[in-house]
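Okay, structure first, notes after.
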Amino acid sequence: MANPTGIGASVRRREDARFLTGRGTYTDDINRPGQTHAVFVRSPYAHARITGIDAAEAMQAPGVIAVLTGADMEADKVGSLPCGWQIHSKDGSPMKEPPHFPIARDRARYVGDAVAVVIAETREQAKDAAELVMVDYEELPAAVTSLKALEGGAPLVHDDVGGNLCFDWHLGDAAAVDAAFAQAAHVAKLDLVNQRLVPNAMEPRAALGEYDRATGEHTLTTTSQNPHVIRLLMGAFVLGIPEHKLRVVAPDVGGGFGSKIFHYGEEAVVTWAAKKVGRPVKWTAERSESFLTDAHGRDHVSHAELAMDKDGNFLALRVATIANMGAYLSTFAPSIPTYLYATLLAGQYKTPAIYAEVKAVFTNTVPVDAYRGAGRPEACYLIERLVEVAAAETGIDKAELRRRNFVPASAMPYQTPVALQYDTGDFAKNLDIALPLVDYDGFAARKAESARRGKLRGIGFATYIEACGIAPSNVAGALGARAGLYESAEVRFHPTGSVTVFTGSHSHGQGHETTFAQLVSERFGVPIENVEIVHGDTSKIPFGMGTYGSRSLAVGGSAIVKAMDKVERKAKKIAAHMLEAAEADIEVKDGRFVVAGTDKALTIGDIALQAYVPHNFPLDELEPGLDEQAFYDPKNFTYPNGCHVCEVEIDPDTGVVQVVSFAAVDDFGRVINPLIVEGQVHGGLVQGIGQALYENCVYDEESGQLITGSYMDYCMPRADDVPSFTVRYHEDQPCTHNPLGVKGCGEAGTIGASAAVMNAVVHALSEYGVTHLDMPATPERVWQAIRRHTPAQAAE
Amino acid sequence: MYAFTYHRPKSVADAVALLGQFEDPKLLGGGQTLLPTLKQRLARPSDLIDLGQIPELQGIREEAGGLTVGAFTRHAQVAHSETVQRVIPALASLAEGIGDRQVRNMGTLGGSICNADPSADYPAAVVALKATVRTDRREISCDDFFTGMFETALEPGEIVTAVHFQKPDKAAYAKFRNPASRYAIVGVFVAVFGSEVRVAVTGAGPSVFRADDMEAALAQDFRADALNGASVPAAGLNADIHASADYRAHLVRVMARRAVEACG
């Protein structure tokens, strides 16, 4: 009988009982004796010189303990927030890396930049006093959009970064691309914008700093996806606290989508201030603060060209992208529009030559960094929009054009012209599953039926591939990563056979407590109730890199497998001793340790008990205990891929787009928990649909004020905006280089969905002659596009 | 939120008396606009006078063939009232479309019309249904009540107690929601009283207004196609990142057509 909590079982998420009943423990739920509250004074200007700060009145306000500024941090030799990835420009020069202090010192560079912090007995007192801090600003002109920031004479965000250019990077073979374009029978061209997004994790960021004068130990509890990374960055680079005196805890975290990877200034401020005021200091962002200060996502402006021969075979791809970095470099910002973007521009296609140029630009806006998909949705959107343009221009069916250019499964492993080597993938198979699933042949009939109701209908595809796992360390290091990218795990059997797994991965909604426990249940036949997954506390878990880039199962899960290998090796030795058999004769079957060819067997529980009560134990060759640790550094990225197909209906009278069907066929390699995978896909799709139709972060182009600073104006997708999804996956193409054969599923939905939706929207509008529309396809944008292309109405 | 003193009077007279006592008092209806404003520290009233415990402000009843709805009636109560559904179903349906469930369970009719948000739904119903706004001291015709963006004919200290809606022969409300806030970008309430047609437009302009051309066209010929030649000029309409004035003008006609069609 299959293990009901083993691999492949749709086990319900164990963590949901506490999440859904309000019993989670989030950072803001934690309160310490003597705790104080921090409220930040933030710049109301996008760009201003700070000429003076007068805190005298604020200090007199009730309950105020301290008002601290950048100058106080400077006096305490607090450093700049470090950037974790270094990019070099075409000319070999390193990227410009201006300092990014937790509290601004002499200049505020975006609306929301921290200028001072007030610490008081209560949060309301801190807020009251924050209004009394008198900051003298000398307002400066702001560079708000990336295009304007690059113009000659634009205001400089950093005086020593000429032209606001952080780096001018490239990848690929320009000469080969030029040669291919010279031979092309047809060139499809597209200008497109991948708009800026606000991450909107359900739980706002929060941080609680504590300092123990007796031990000299600092503790930071924070909303982080990677507490060890925060400990390393903040301890070593910002505050100068050695690891053994700094504990970072990321307890229950309510969603991140990338925005909680980064080391934020508030974390350093509360940690530093807790020692300074001698009491715990807590800060919790209000939603308005989240809009202003969480690192944003996307914000690319691109031009792309695809060269084809007369039969529609792709010959070469040329891409030029301008990426907005915001005012400072967030932790992993430089890697997103480079190694997580341009390396994915081959997509699923065997395009032989690709050349990409990326200019990264400083602007007076909040920093931009990884957001669900991080570079890969931008790549997928660009390629897949361009392929649909190519299909429309050449008259080749869009499914057929893709099929014609797919890297065939037989070509795996496949070296792309942009650095990556795909290990597995059968892209034609994904398409073969998808086409009947969406009744592609029946589209014309559905379109006619929509037309009878006065609606336009379109169908759009996105065939995506992404690189997950973010590895190996040596490759990432060669590409500029200033960190390793492995994962850690410890599998600890207790004397009575229950298990605690310590993982360096971090769950902030992904269901690790269930999926990871299934790995142990499968391997040792332990019911998952007897397996506890511990994560998020640097004082408990081995040094680990955390969760982002759909890496937890592929890298963190593999580390657990490696630790379980070690447990099994030791358990076999113990079993051999207990059963008086040769070690070589011990087999593991259905979680039992059996002497081959006999009915002599032990459970892992029997062995664990002996390991901790070693009365009958090979003490001369083995140590007692059953507790093993492993680190796993992958050999390659993993490459989830799939085919997403979207159908939309558009009301031409209002421009409203309705997603009427969405099918996702995905190859995630081996699937451990289908229920959780489906949930991840659903969430990802909604996020991708959100970018396509609803979400748009808008700054005023002159003043740099955030216009979409609340849900009144920033439109999140809601349940009634999306259809019931059709989700399929196949497991025929397991990853070849990790022990589980898994690829990752966290970002896939977001990566494919935006392109599929926009392709469907443009297809629906094609009868008006519309060939492209930038996201989000809001009702007015769609209506204006229709109007522009309808002379009779335009004249009205 | 700044500190304030909270009061919960049991009668309109007590509420009026309280209003006169303090430096900067504010009436609390359902709080769907006021509370977020307070939380963002954009208002600093000295005193908050909660109208939620005043029996005179509650209740829905038939009166003179129409409906009288107490000022403190919540949107959900209007939406689910069998009386409203029977007498003026379009009003129940408008209430069911306000905001989301949480807003409908808190927000009140009086709070909505006194706030006079240009994108609120109720003003369209008040104007189209020839309503009379009753206060602690007088009755105000719907055509005089809304005077501008967030402005009404109410005098300082005046409390709305109820709204009397006339029963139309037929009526319908069509709304184009802001996808983010779900307020009305454009909402059009069409009501027919004998030979009179009233078309009230909310969301599009600084304040609710009647579309005279459309009313005239529909009075001649009550069909959606009768609106083909009628339009609302874009000049003077609201414009924001969600909808330009042109788009709003266009949507007024589309929503008016839909409301006419929904009238049956």
Euclidean distance of C-alpha centroids, the range A:693-759 and the range A:364-431, integer Å:
16
Quarter of the surface of the C-alpha convex hull for the range A:496-561, i.e. direction-averaged projected area in nm², equals 4.4
Report the antiparallel proportion of the DSSP beta bridges in chain A as a percent, rounded to a multiple of 5.
80
In whole angstrom, how long is each semi-axis of the equivalent ellipsoid of the range B:170-263, when you take the square root of 5 times every eigenvalue of its Cα gyration tensor and sort them from largest down?
22, 13, 10
What is the Rg over Rh value, at two decimals, for the range A:649-729, using alpha-carbon atoms and the Kirkwood definition of Rh?
1.10
Of B:Ser81, A:Ser550, how do they rank once you tally other Cβ atoms within 10 Å and put the fewest first?
B:Ser81, A:Ser550
How far apart, in nm, are the 7 Å Cα→Cβ label points at A:Asn616 and A:Arg23?
4.0
The range A:113-152 and the range A:1-77 have their Cα centres apart by a whole-number Å value of 18
How far is helix B:12-21 tilted off the main Cα axis of chain B, in degrees rounded to 10, range 0 to 90?
70
Stretch gain in nm, segment A:Ala320-A:Met412, where the contour uses 0.36 nm per residue and the Cα spacing is subtracted
30.3 nm
Would you mind pulling out the separation of the Cα centroids of the range A:162-181 and the range B:144-192, in Å?
57
With θ set to phi - 60°, apply the Karplus curve 6.51 cos²θ - 1.76 cosθ + 1.60 along the range A:577-591 and write out the HN-Hα couplings as whole Hz, x wherever there is a Gly or Pro.
5, 5, 8, 6, 10, 6, 4, 5, 8, 7, 10, 9, 10, 6, x
Ratio of Rg to Rh over chain A (Cα coordinates, Kirkwood Rh, two decimals):
0.99
Low-density loop positions, trypsin sites (Lys or Arg not before Pro), the range A:274-312 - DSSP coil, at most 13 other Cβ in 10 Å
A:Lys310
Top mean-square fluctuation among B:Phe146, B:Phe22, B:Phe222, Gaussian network model of chain B, C-alpha springs under 10 Å?
B:Phe22
May I have the convex hull volume per residue, in Å³, for the Cα set of the range A:233-369?
163
If you split all Cα-Cα distances of the range B:5-50 into 10 Å bins from zero, what percentages do you get per bin, shortest first?
29, 54, 17, 0
Cα pair distances exceeding 22 angstrom across the range A:514-593, given as percent
35
With each pseudo-label sitting 7 Å past Cα toward Cβ, what's the A:Glu583-B:Arg86 distance in nm, one decimal?
8.7
Tell me, what does the Kirkwood hydrodynamic radius of the range B:55-165 come to in angstroms if you use every pair of distinct C-alpha atoms?
13.6
Using 1/(1 + (r/R0)^6) with R0 = 51 angstrom and r between the beta carbons of B:Tyr6 and A:Asp106, what's the FRET efficiency to the nearest 0.05?
0.70
Figure the gain on full extension for A:Arg788 and A:Ala478 (residue separation times 0.36 nm, minus the Cα-Cα span) and round it to one decimal in nm.
106.7 nm
Given the Cα-Cα distance of A:Ala236 and A:Ser710 and 0.36 nm per residue of separation, how much length would full extension add, in nm?
167.1 nm
In the range A:526-606, the GluC sites (Glu not before Pro) that sit in a DSSP loop and have at most 15 other Cβ atoms within 10 Å of their own Cβ are A:Glu580
Based only on other Cβ atoms within 10 Å, what is the fewest-to-most ordering of A:Met564, A:Met234?
A:Met564, A:Met234
Per the helix-only model, chain B has a calculated mean residue ellipticity at 222 nm (DSSP H runs of ≥4, -39500 (n - 2.57) each, divided over all residues, rounded to the nearest 500) of -9000 deg cm²/dmol
Out of the trypsin sites (Lys or Arg not before Pro) in the range B:113-218, which ones are loop residues according to DSSP with at most 16 other C-beta atoms within 10 Å?
B:Arg137, B:Arg138
Taking the Cβ of each residue in A:Leu317, B:Leu35 as the centre, tally the other Cβ atoms inside 10 Å and list the residues starting with the fewest.
B:Leu35, A:Leu317
How big is the range A:140-295 in terms of Cα radius of gyration and Dmax, in angstroms?
22.0, 76
Within the range A:392-409, whose backbone N sits under 11 Å from a point 7 Å along Cα→Cβ of A:Thr771?
A:392-394
Is it possible to state the helix-based mean residue ellipticity at 222 nm for chain A, with each DSSP H run of 4+ residues giving -39500 (n - 2.57), the sum divided by total residues, to the nearest 500 deg cm²/dmol? What is it?
-8000 deg cm²/dmol
May I ask you to evaluate 6.51 cos²θ - 1.76 cosθ + 1.60, the Karplus curve with θ = phi - 60°, for each residue of the range A:640-645 and list the ³J(HN,Hα) values in order in whole Hz, giving x for glycine and proline?
x, 7, x, 10, 10, 10
Just for the Cα atoms in chain B, what are the lengths along the principal axes, largest first, rounded to whole Å?
55, 43, 31
Tell me, what is the FRET efficiency for B:Asp24 and B:Asp240 to the nearest 0.05, using R0 = 35 angstrom and their Cβ-Cβ distance as r?
0.70
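Each reported figure results from applying straightforward, stated rules to the coordinates on display, with no laboratory input. In this text, all values refer to a predicted model and were calculated from it rather than measured experimentally. Positions of Cβ are generated from backbone atoms using ideal geometry, with glycine treated the same way; all protein chains shown enter the neighbour counts.
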